[in-house]
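The values are calculated or read from the model by the stated rules, or taken from the named source; none is laboratory data. Being a predicted model, the structure only gives us computed values, none of them experimental. Note that each Cβ is placed from the backbone with ideal geometry, even for glycine, and that neighbours are counted across all protein chains shown.
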Amino acid sequence: MSRYRLIVTLIISALSVFVYRQDTMTLCFLLACLTLLIFNFKQQMIFLLSLLVIPFLCYFMLDTYQLGQQAKQSENQRYICRGTILPDSIAIDGDQLSANAKLYESRQVIRVYYTFTCLKDKQQWQSNTDVLQFSASGHYKRIMPATNFNQFDMRRYYEAKHITHQLTVQSWSNLKQKSVHSLLDTYRNHIHKWHAIGIKKAEMLPQPLNEYAESVIFGAAPKSFYVNNPGVQKLGLIHLFSISGFHINYLLKMVMGMFRRLFIPKEISAVIAGMILCIYFVFSGETAVLIRAVIVGLIFLLRMTGWCKLTPPTVWSVSLLGTLIYEPCILLTLGGQLSFTLTFCLLFAKSLNFWQTNMLLSLVSFPFIVAQQYTWHILQTLVSFAVIPIFSTLIVPFTLLGFAGQDIPGIAKVVNVLIQCFTSCLDSMSMLPGDMIIGKLPSVVLVLFFTCSLLIYVKQSALAFFCRGMCPLLLFFGTLWVRYPLYGEFTTFDVGQGDAALVRTPFNRSVTLIDTGGQVDFSAKKDWQIKQYQRTNGESVIVHYLHSRGISQINNLVLSHHDYDHIGNAKVILKHLSVQRVIIPAGMLKQQKFLKEIQPYLGRTKVCELTAGDEIPNCPFHIVHPFTSGQAENQDSIALFGCLGNQRILTAGDLDRAGEKAIAERYPKLKVDILKLGHHGSKTASDPETLRKWQAQYGIISAGRDNRYNHPHKETIRTCTVNQITNLNTQKDGMIRYIYDNNQTSYFEVKITHELKATVSTNSK
């Protein structure tokens with residue numbers, strides 16, 4: 001019977017992901033579960049199907065409808081609302097506050113952002129440990145989706161938590177401690193207050209002990225943790241520092257062990273431990289991924305007292321169904337996918353030894369992790385073998401000791417030294433060879449790899465042998481497909497008010513990055529205002545996209561001139577990727593901005609100062625500007641011209657009209673099909689006469705949303721319209737990709753398709 005319950009549960013889980021998100025992966029999962037149902041169908045299952053599947057399906061569809069209605073709420077520049085903020089949901093970095101807030105009127109949860117006006121304001125929020133009742137006004141809008149291909153989608157991430165909107169607070173009209181009337185709410189608020197107090201106390205510990213205490217004890221890993229501990233992320237050990245089944249199991253063992261030594265009867269111990277589990281769930285922030293472990297822990301306590309004797313598959317089914325009731329979208333999150341998939345594998349791994357079990361879990365988790373990160377460290381499995389026992393027997397107890405004994409002189413310092421040694425070992429191991437850039441594997445490859453991973457230890461030896469052989473073959477051919485694509489691209493990144501473009505030829509024979517973008521900060525900020533742990537779009541957009549394309553090396557990094565919005569992220573690119581050459585305009589090598597921003601990160605990278613007529617090695621483009629050495633100002637920008645597929649492309653950097661005219665005079669026969677407009681569509685660029693000479697069909701503008709310069713200028717847009725140039729703008733279209741192959745087939749793709757079709761053919765010639 002437990003087998004039938006398991007199959008029905010799988011059907012429900014497949015419906016949960018398919019109802020909320022219809023794509024290749026969710027469809028494959030649904031079809032696989034339906035196939036499993038067909039081959040194992042028995043009359044006894046009819047009752048279970050009607051009792052469970054239909055109600056859950058109705059629940060998912062109703063929730064989807066309500067989520068859709070919530071998402072349709074109109075944006076408001078002057079939105080006034082009231083709600084509550086839990087103190088342990090508040091995160092502060094520099095002058096920026098972010099938190100989750102529950103509104104009174106709609107009962108929905110929104111993201112709240114606020115910029116502190118003074119240091120005193122920041123300190124008041126930092127010291128707060130109370131549940132706050134607030135009234136605020138600000139800009140209310142939908143959370144932005146990913147505007148670049150293969151970028152982490154913040155909208156999808158929060159929608160899985162049923163959060164669709166954000167409020168950028170302009171002013172708090174009322175901010176005070178929340179008064180409650182419900183006894184349950186009183187206890188809940190007190191638990192969240194204790195959680196916030198604990199986090200504040202952990203922050204007072206020395207680094208890295210403070211980060212370990214916040215993560216391991218309180219389940220609130222700070223942003224600094226992943227910056228200061230790169231080895232944890234590279235080696236796939238993040239799950240150890242996120243509240244999960246490991247921590248619930250550890251807590252139960254500690255509590256029940258203490259009760260045994262106090263000779264407390266099992267029945268009383270189970271009741272008290274169950275209450276502690278429920279309190280700990282609230283204490284840890286009420287995260288949905290923890291529901292599974294709490295349900296399993298409660299069933300374990302009931303079984304220990306003889307009140308419940310469920311089989312492990314049934315326990316897994318109950319925990320999944322309970323979690324889906326609490327959070328229907330849990331299987332759309334990486335944490336939920338790994339949690340339930342790995343525990344599912346453990347149901348059938350009792351006959352496997354330690355090494356076989358870890359190998360199975362590593363292979364099964366591979367498709368989920370690579371699908372989001374595009375990288376994999378080959379030492380992950382081996383490191384897990386060694387680290388997990390050390391972590392559970394030494395690191396966790398010593399972290400608890402360091403936190404509990406921080407008022408006793410010397411204890412925190414001694415524990416901190418131990419933690420430092422542990423982190424240093426992890427960071428050193430992560431630097432060893434084995435960090436592979438896999439890329440964005442096709443969905444069919446991920447599905448087949450996952451299926452074969454599940455079957456590598458089945459009793460049928462022929463099937464197991466086949467699956468073990470298929471796993472490396474799928475990985476080899478999938479990686480080969482990503483790393484050596486049949487098509488090339490000219491891609492303009494959406495990096496806000498900046499510029500960055502990728503030129504990649506078929507089979508990745510040549511990879512050139514033109515500029516890197518960079519966030520320009522026009523205000524002189526004090527130390528307390530500076531954000532310490534904010535990822536740049538150079539890492540989250542450019543590097544992430546290059547990794548998704550299987551690119552680990554850039555042949556040429558072209559820096560058009562020294563403006564920060566063009567070269568600000570160059571140090572990030574040089575840090576995360578191998579760069580053969582940096583191409584700069586003649587005269588830039590002597591400029592202070594280059595010496596400060598670029599030179600310290602060059603390493604063995606070769607720097608080439610070039611002018612018009614100089615060839616760029618292994619690049620389909622050649623330089624048409626500048627003509628002489630200069631100061632690397634806008635007027636000295638590198639302009640590139642080349643042919644990709646059947647289209648002639650010109651990138652103008654930040655050139656003004658005089659620079660465009662100079663290129664047209666120097667190259668009177670120059671014709672352009674795709675023009676990357678100069679200076680973000682500024683009024684000072686895009687000379688009408690020059691555009692008529694070039695006869696461009698498509699104009700690409702890279703400009704930030706709501707930028708202070710009002711780029712692109714109306715006159716530039718009008719000039720393009722008069723010259724019958726189709727405008728593509730990162731403001732409204734997001735990332736813009738021109739795709740071509742050796743058969744002279746080419747087309748445009750844009751990330752945001754609300755104003756433009758997904759593809760625009762360029763085969764009109």
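Below are the figures for this structure:
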{"quantity": "Segment 30-45, residues that are surrounded by fewer than 11 Cβ atoms within 10 Å (Cβ to Cβ) and either assigned to a helix (DSSP H, G or I) or among the hydrophobic types (A, V, I, L, M, F, W, C) (or both)", "calculated": "T35, I38, F39, Q44"}
{"quantity": "Restricting segment 317-348 to residues that are over 28 Å from the mean Cα position of the chain (by Cα) and of a type outside the set (S, T, N, Q), the residue that is surrounded by the most Cβ atoms within 10 Å (Cβ to Cβ)", "calculated": "V318"}
{"quantity": "Filter result for N210 (touching a Pro at 6+ places or on another chain (Cβ under 9 Å), surrounded by 15 or more Cβ atoms within 10 Å (Cβ to Cβ) and not assigned by TED's automatic domain parsing to the domain that holds D706)", "calculated": "yes"}
{"quantity": "Identity of the residue in segment 116-126, of a type outside the set (F, W, Y) and touching a residue at least 24 places away in the same chain (Cβ under 8 Å), that ends up surrounded by the most Cβ atoms within 10 Å (Cβ to Cβ)", "calculated": "K122"}
{"quantity": "All positions within segment 692-712 that are of a type outside the set (G, A, S) and touching a helix residue (DSSP H, G or I) at 6+ places or on another chain (Cβ under 6 Å)", "calculated": "K693, I701, R705, H711, P712"}
{"quantity": "Test for T375: is it of a type in the set (S, T, N, Q) and either more than 30 Å from V17 (Cα to Cα) or at pLDDT below 90 (or both)", "calculated": "no"}
{"quantity": "Cβ-Cβ under 8 Å pairs, at least 6 apart or on other chains, segment 334-354 side closer than 20 Å to T287 by Cβ, far side at pLDDT below 90 and not in a helix (DSSP H, G or I)", "calculated": "G335/S242; G335/S244; S339/S244"}
{"quantity": "Every residue from segment 511-530 that is surrounded by 21 or more Cβ atoms within 10 Å (Cβ to Cβ) and in contact with a Gly (Cβ under 6 Å, 6 or more places away or on another chain)", "calculated": "T516, G517, G518"}
{"quantity": "Meets criteria (crowded, with 22+ Cβ neighbours inside 10 Å and farther than 24 Å from D706 by Cα) for V541", "calculated": "no"}
{"quantity": "Subset of segment 712-742 [closer than 21 Å to Q647 by Cβ and acidic (D, E)]", "calculated": "D733, D741"}
{"quantity": "Flag if I80 is among the hydrophobic types (A, V, I, L, M, F, W, C) and assigned to a strand (DSSP E or B)", "calculated": "yes"}
{"quantity": "Filter result (crowded, with 20+ Cβ neighbours inside 10 Å and over 20 Å from Y250 (Cβ atoms)) within segment 291-315", "calculated": "none"}
{"quantity": "Test: residue in segment 229-250 that is touching a Pro at 6+ places or on another chain (Cβ under 9 Å) and either of a type in the set (D, E) or on the phi < 0 side of the Ramachandran plot (or both)", "calculated": "yes"}
{"quantity": "Segment 492-510, residues that are closer than 19 Å to Y374 by Cα and either surrounded by fewer than 24 Cβ atoms within 10 Å (Cβ to Cβ) or not hydrophobic (A, V, I, L, M, F, W, C) (or both)", "calculated": "L502, R504, F507, N508"}
{"quantity": "Cross-chain or 6+ apart pairs with Cβ under 6 Å, segment 214-227 first and farther than 12 Å from E203 by Cβ, then assigned to a loop (DSSP other than H, G, I, E, B) and hydroxyl-bearing (S, T, Y)", "calculated": "G219/S284; K223/Y533; V227/Y533"}
{"quantity": "Residue match in segment 176-198 (condition: part of a loop (DSSP other than H, G, I, E, B), within 30 Å of L418 (Cα to Cα) and not aliphatic (A, V, I, L, M))", "calculated": "no"}
{"quantity": "Extreme residue, surrounded by the most Cβ atoms within 10 Å (Cβ to Cβ), among residues of segment 85-110 that are farther than 30 Å from V19 by Cβ and among the β-branched types (V, I, T)", "calculated": "I85"}
{"quantity": "Residue in segment 179-195 that is more than 20 Å from I243 (Cα to Cα), in contact (Cβ under 8 Å) with a residue 12 or more places away in the chain, surrounded by fewer than 19 Cβ atoms within 10 Å (Cβ to Cβ) and in contact with a strand residue (DSSP E or B) (Cβ under 9 Å, 6 or more places away or on another chain) present", "calculated": "yes"}
{"quantity": "Matching residues in segment 574-618 - criterion: being closer than 18 Å to E633 by Cα and either touching a residue at least 40 places away in the same chain (Cβ under 8 Å) or of a type in the set (D, E) (or both)", "calculated": "I583, I584, P585, A586, G587, M588, Q591, E597, E609, A612"}
{"quantity": "Residues of segment 140-167 classified as surrounded by fewer than 16 Cβ atoms within 10 Å (Cβ to Cβ) and either touching a Phe, Trp or Tyr at 6+ places or on another chain (Cβ under 7 Å) or of a type in the set (S, T, Y) (or both), total", "calculated": "1"}
{"quantity": "Of all residues in segment 194-221 being of a type outside the set (F, W, Y) and closer than 17 Å to C278 by Cβ, the one that is modelled with the lowest pLDDT", "calculated": "G219"}
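Quick grid of which residues meet (1) touching a strand residue (DSSP E or B) at 6+ places or on another chain (Cβ under 6 Å); (2) surrounded by fewer than 17 Cβ atoms within 10 Å (Cβ to Cβ); (3) within 30 Å of F149 (Cα to Cα):
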{"residue": "K350", "(1), (2), (3)": "no, yes, no"}
{"residue": "Q356", "(1), (2), (3)": "no, yes, no"}
{"residue": "L360", "(1), (2), (3)": "no, no, no"}
{"residue": "P367", "(1), (2), (3)": "no, no, yes"}
{"residue": "A386", "(1), (2), (3)": "no, yes, no"}
{"residue": "P389", "(1), (2), (3)": "no, yes, no"}
{"residue": "T399", "(1), (2), (3)": "no, no, no"}
